[in-house]
Amino acid sequence: MCVCHRFIYYQSKRIYSSFDHLEIVPGHKIQAEEILNDERIEYIDIFDGNQTHKDTALHDCVDNFVKRHRYDSLLAFTDGAVTEFGRGSSAVVLLPLEVGVPEVEVKQVHATLMSSLETEIAAIILAMEQAVMYLEDNAAKSMTKQGKLIILTDCKSAIKCIIRRSVMHHHHALMARVRSSVRALHNWNIRILLTWIPGHSNILFNEKADSLAKQALQQLPSTTRNPFTFPAWKSLTLRQMTQCWQSNL
């Protein structure tokens, strides 16, 4: 019985891996490439390649970066969270341009079951959407012509997915939101910059975003029936098969 379950486990991992190479709807991948090939979304390294420094050094680097750009660029800290059953949430803390104005804190619970990576991508998109709302509703929008939106996230994979559009062909709904937000920000002449920061390093606004995402999950009903994305289905299936195999060892 043990050998049988081991065989099933390794076969499931092979199947899981093979899904990454499937092209279910080629048109979606083409659309994803069209969204970002104008290079309106860029990556910046605020640590100058020195990401192996101690947490205190990285924390100070982020703190100094925020102080330098706090009132001349829109800054947004993002994070995502997911339960073991795939219920996910995303959160963003947007720092306004005006002195003395409190941060904009937004959290979103997803109706569709998602993978952890998808919640992180959705949080970045949520930051773009909130920036658009801020520009449309705030009198300070006249100050941001030719400005920047700098999104700080602790998920390198989410950054890679958005920058390397070729890996986004399974995230159709998210890419549609990216397309809409990028166009709206482009109309304001806003450059979108993504940067990585370390998670759980006592970085104030990153911790706030993390807390918001977790708070949203605590408000979920205990039992619900939800549709799920393709990546979420892969993740949940592998987890279930792994748990089944381990319980029969």
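What net charge do the residues around L193 carry, taking every other residue with its C-beta under 11 Å from that of L193, with Lys and Arg at +1 and Asp and Glu at -1?
That sum, taken over residues with Cβ under 11 Å, equals +1.
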Item to check | Separation of the N202 and N138 label points, Cα + 7 Å toward Cβ, nm | outcome: 2.9
Item to check | Peptides 115-122, 198-205, 149-156 ordered by average Cβ neighbours within 10 Å, highest first | outcome: 115-122, 149-156, 198-205
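Each reported figure results from applying straightforward, stated rules to the coordinates on display, with no laboratory input. Just so it is clear, the model here is predicted, and its values are computed rather than measured. Reconstructed Cβ throughout: ideal geometry from the backbone, glycine too, with neighbour counts over all protein chains shown.
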